[in-house]
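Readers should treat all values here as calculations from the given coordinates under stated rules, not as data from a laboratory. Being a predicted model, the structure only gives us computed values, none of them experimental. Counting neighbours? That spans all protein chains shown, and the Cβs are built from the backbone with ideal geometry, glycine included.
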Amino acid sequence: MAFLLFREFRRFSFGIAFMPALDEFTIFKKVNYMSEKQELKNLIIEGTIYKTTYTAKFDNRVNWQMPDPNKLYSFIPGTVVNIFVKPKDKVKEGETLLLLEAMKMQNQVRMPFDGEIVKIYVKKDEVIPKRHLMAEIKPLTPKVKT
């Protein structure tokens, strides 16, 4: 008497067959690609269009976005030691905005360009993770003499 156990898992079919006359088990796998209708998508690489299927990991990835130059994010996790500016302060390029202590070193966060502080999102002695929004700034528009 032979028996067969059969199990479907995603697009694979697994089975176990027992043959008492031979005293052996056989494990087999049958790939069933026709049971799923997969939609082909366009993938464009250097102007060439390829028709392909994407993996679930690729479909669910976080898309890259261009960073906003008017927002300052922490580059390392740490503790805010001191804040030297307030909102609506006009700050020159290179001036220190705040001190961020990480790994027993104090890192100066400096102004990347001449501008004005719009909002500060951190407080003194706050522990912040990497890529945490610390401040929002806006560039100063140069005054044109007429």
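Of the GluC sites (Glu not before Pro) in the stretch 64-143, which ones lie in a loop per DSSP and count no more than 15 other C-beta atoms within 10 Å?
Passing both the DSSP loop test and the Cβ count: GLU93, GLU95, GLU126.
Please go through the stretch 48-108 and write out the trypsin sites (Lys or Arg not before Pro) that DSSP classes as loop and that have at most 15 other C-beta atoms within 10 Å. Working shown, then result.
Numbers: sites: LYS51, LYS57, ARG61, LYS71, LYS88, LYS90, LYS92, LYS104; in loops: ARG61, LYS88, LYS92, LYS104.
For trypsin sites (Lys or Arg not before Pro) across the stretch 48-108 that sit outside H, G, I, E and B with at most 15 neighbouring Cβ atoms in 10 Å, the list reads ARG61, LYS88, LYS92, LYS104.
Looking at this model, which pairs from LYS51/LYS130; LYS92/LYS130; LYS90/LYS124; LYS57/LYS104 are more than 30 angstrom apart at the alpha-carbon?
Details: LYS51/LYS130 38 Å; LYS92/LYS130 25 Å; LYS90/LYS124 20 Å; LYS57/LYS104 38 Å.
Pairs exceeding the cut-off: LYS51/LYS130; LYS57/LYS104.
Just check the stretch 93-137 against the gyration tensor rule for me: Cα atoms, a ≥ b ≥ c as the square roots of the eigenvalues, rounded for a/c under 1.5, and otherwise prolate or oblate depending on whether a/b exceeds b/c.
In terms of gyration-tensor shape, oblate.
Just to be sure I understand: if I project the alpha-carbon convex hull of the stretch 30-131 onto a plane and average over all orientations, what area do I get in nm²?
One quarter of the hull surface, i.e. the mean projection, equals 12.1 nm².
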